[in-house]
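Single-structure report; data block below.
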Amino acid sequence: MLPAFFGSILELVTKTSTDLPPDVRAAMKAALGNEPQGTQASQALTIMAENIDQAVDGEGAICQDTGLPTFEIKVPVGANEMWMAQQIRDAIAEATRRGKLRPNSVDSVTGKNSGNNLGPGSPVIHFEQWDRDEIDVRLVLKGGGCENMNIQYSVPCDIAQLGRADRDLEGVRKCILHAVWQAQGKGCSPGALGVCIGGDRTSGYAHAKHQLFRTLDDVNPDPALAELEATIMRTVNVLGVGAMGFGGATTLIGCKIGVLNRLPACFFVSVAYDCWAFRRLGVVLDAKDGSIKKWLYRDPSHPAVPMLDQAGFTRTGKEVMLTAPISEAQIRELKVGDVLLLNGLMYTGRDSAHSYLMKNDSPVDLNGGMLYHCGPVVLKDGDGWKMMAAGPTTSAREEPYQGEVIRKFGVRVVIGKGGMGAKTLAALKEHGAVYVSAIGGAAQFYARAVEKISGVSLLEFGVPEAMWHMHVKDFPVIVTMDAHGNSLHKDVEAESAKQLATLA
Ligand code: SF4
């Protein structure tokens, strides 16, 4: 067979998870340069940039959510696709064992995590034959936070703030703008879009995702679509959603539009929203032995220039230090915009843990405590554990539970990303708690703030869903919902809705 194939795929998976492609780096660098210093968006972009550099340096996952690996492969006629698919599955399992991928494949009926990223539909592998004597393998790792922001429109339809979207490119433009607005910071903005006009509901989404294999700086060969892409990029940033939805100058770093034929009765506009941690790489393999002939999207002979040519996240002296357990009085002094440095014991808890806490006692003492919406990458390290990647997950999923969990267990600080809704805001005010935003995708940056892991509860839910007992030091976050009824997320959403209306 191809003796080097397995190693080449493992290398591709590792690099994709840890090394952001140059076009995305350039876009993020430009975003950082465009943001006035000292703003919350600038702080967020600085942490993202620092995290990108740390991921390369330590070969660690850029974001702890390494997504559903999606491969697009072109093979010569006669290639053994079944053998290759098995080799790819083996490489995925090995990359997971090494902590380059988070175990992300969950049985949809039992909720059991397979632990190795393998299972029905995981990974996604699309083969296609071509007439060249080489193998082209491309990979996108797209996490759940941005996947949840994908959206599909059936046109004609009425769109809030923008009016009717008709079955033409003007209607498509409105759909795309709305797709960016509705994501706010929940998909870890600034984002990048793959869009498909047409197809059916399934092929439309697949083709939209396929657009993510284009580089951010390419030009659509179809002049009408090129013009639409340029129009979106020229106008969209007026929305002011900004990095992580904090408000700011850059909301989108790319928009790539493809088209498929459709049924006369259907006109779908499908949007695949990817986050700033837009992980996409590829390799061209020798068809005789499977070795890497060439990298795609990156040039190893030109090592990546560091994102930051200055100090990363630096203290201004205005930060508020908080150590758990935290009192109600300390919380009531905080307001939206305060930067906190958190210390002491912090527990992770996301979907399964919140659902469990609604029906059961907590396995840990959360009174005065800090609860982190995070599904980390953790590896066994002798008798203990080692934190490999620890960025926040999208908090909105916990909105049905959070208020009750705060009241029942006395939580004082909820840490996450993307913000939460009215029920949580009311609970924060009533009980005396705050919601603070960590920077989505900054998995290496936050892993470095974890001094040790002293234990774990509910591990039966799998590594991402367990409650990890983390001891943190100077863990930086921004208060975005306070105990006085204020929410930065609510304000940015309302203001950006007004801006959206200007683009009608
Ligand atoms: S950067 Fe945010 S949206 Fe992207 S994979 Fe990570 S957590 Fe999910």
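The values are calculated or read from the model by the stated rules, or taken from the named source; none is laboratory data. Fair warning: this is a prediction, and the values are worked out from it, not measured in the lab. Ideal geometry is used to build each Cβ from the backbone, glycine not excepted, and the neighbour counts take in all protein chains shown. Surface areas here come from the heavy atoms of the whole protein model, side chains and all, with no ligands, DNA or RNA. Shrake-Rupley method; radii C 1.70, N 1.55, O 1.52, S 1.80 Å.
Data table
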read-out	value
Selected residue [closer than 17 Å to Ala466 by Cβ, within 16 Å of the ligand (Cβ to nearest atom), buried (at least 24 other Cβ atoms within 10 Å of the Cβ) and not basic (Lys, Arg)] from Gly391, Gly419, Gly441	Gly391
Cross-chain or 6+ apart pairs with Cβ under 8 Å, segment 138-156 first and within 18 Å of Gly375 (Cα to Cα) and within 15 Å of the ligand (Cβ to nearest atom), then modelled with pLDDT under 95 and among the aromatic types (Phe, Trp, Tyr)	none
Failed item in (1) hydroxyl-bearing (Ser, Thr, Tyr); (2) in a loop (DSSP other than H, G, I, E, B); (3) over 22 Å from Met48 (Cα atoms), with Thr250 passing the rest	(3)
Given (1) basic (Lys, Arg); (2) within 16 Å of the ligand (Cβ to nearest atom); (3) closer than 30 Å to Leu177 by Cβ, index of the condition Lys256 fails	(2)
Extreme residue, most open to solvent (accessible area, probe 1.4 Å), among residues of segment 232-259 that are of a type in the set (Val, Ile, Thr) and closer than 18 Å to Ala208 by Cβ	Val259
Selection count, segment 32-41, where residues are part of a helix (DSSP H, G or I), under 16 Å from Gly247 (Cβ atoms) and open to solvent by 10 Å² or more (accessible area, probe 1.4 Å)	3
Any hit, segment 291-304, residues being within 16 Å of the ligand (Cβ to nearest atom), at pLDDT 95 or above and under 26 Å from Arg214 (Cβ atoms)	no
Counted residues, segment 61-87 - those being assigned to a helix (DSSP H, G or I) and either open to solvent by 10 Å² or more (accessible area, probe 1.4 Å) or within 12 Å of the ligand (Cβ to nearest atom) (or both)	6
Candidates Val124, Val140, Val109, Val155 - the one that is aliphatic (A, V, I, L, M), under 30 Å from Trp181 (Cβ atoms) and open to solvent by 30 Å² or more (accessible area, probe 1.4 Å)	Val124
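Rundown of residues vs (1) within 30 Å of Leu425 (Cα to Cα); (2) open to solvent by 10 Å² or more (accessible area, probe 1.4 Å); (3) within 16 Å of the ligand (Cβ to nearest atom); (4) not hydrophobic (A, V, I, L, M, F, W, C), yes/no style:
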residue: Phe313; (1), (2), (3), (4): yes, yes, no, no
residue: Lys318; (1), (2), (3), (4): yes, yes, no, yes
residue: Thr323; (1), (2), (3), (4): yes, yes, no, yes
residue: Gln330; (1), (2), (3), (4): yes, yes, no, yes
residue: Leu342; (1), (2), (3), (4): yes, no, no, no
residue: Ala353; (1), (2), (3), (4): yes, no, no, no
residue: Lys359; (1), (2), (3), (4): yes, yes, no, yes
residue: Ser362; (1), (2), (3), (4): yes, yes, no, yes
residue: Lys386; (1), (2), (3), (4): no, yes, no, yes
